Amino acid sequence: MARTIIWDAASGRALVKLEGHKDRVWSVAFAPDGTRVVTGSFDNTAIIWDTASGQALTKLEGHKNGVWSVAFAPDGRQW
């Protein structure tokens, strides 16, 4: 299982570990308000996470290939 870590850039400290993908994570994007992050993986899924707890909120499955790019809309309501 692949693990993605959100780091504090100022201190270099790991803030939260995101565990749930079965292969490498290729793309990451933060919501404009910083409360969620979406990851796209070679396991053909995208997962939306809560940045404070590291809990998966939604897993988007059914892609025929790896998810190479992820993004949030500027208003943070769509991904």
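The values are calculated or read from the model by the stated rules, or taken from the named source; none is laboratory data. Because the structure is predicted, anything quoted here is derived from the model rather than measured. Neighbour counts run over all protein chains shown; Cβ positions are idealised from the backbone, glycine included. Ligands, DNA and RNA are stripped out before the accessible areas are found, and what is left, the full protein with its side chains, is counted by its heavy atoms. Shrake-Rupley method; radii C 1.70, N 1.55, O 1.52, S 1.80 Å.
Points worth noting:
- Among the listed values [x] 4.7; [y] 7.6; [z] 5.1, the one matching mean projected area of the Cα convex hull in nm² as calculated from this structure is [z].
- Within the chain, longest stretch free of exposed trypsin sites (Lys or Arg not before Pro) [DSSP loop, at most 12 other beta carbons within 10 Å]: 25-63
- For the chain, built as a Gaussian network whose Cα springs stay under 10 Å, the top-fluctuating residue of 29, 56, 14: 14
- Extending 7 Å from the Cα toward the beta-carbon at both residue 28 and residue 6 defines two label points whose distance is 1.0 nm.
- The aspartates and glutamates whose alpha-carbon is closer than 19 Å to the alpha-carbon of residue 64, local same-chain residues fewer than 8 away aside, are 23, 43.
- For residue 60, the amide hydrogen comes within under 5 Å of the amide hydrogens of 46, 47, 48, counting only partners 5 or more places away or on other chains and with H modelled in the peptide plane.
- Mean accessible surface per residue for the chain, computed with a 1.4 Å probe while every protein chain stays in place, in Å²: 65 Å²
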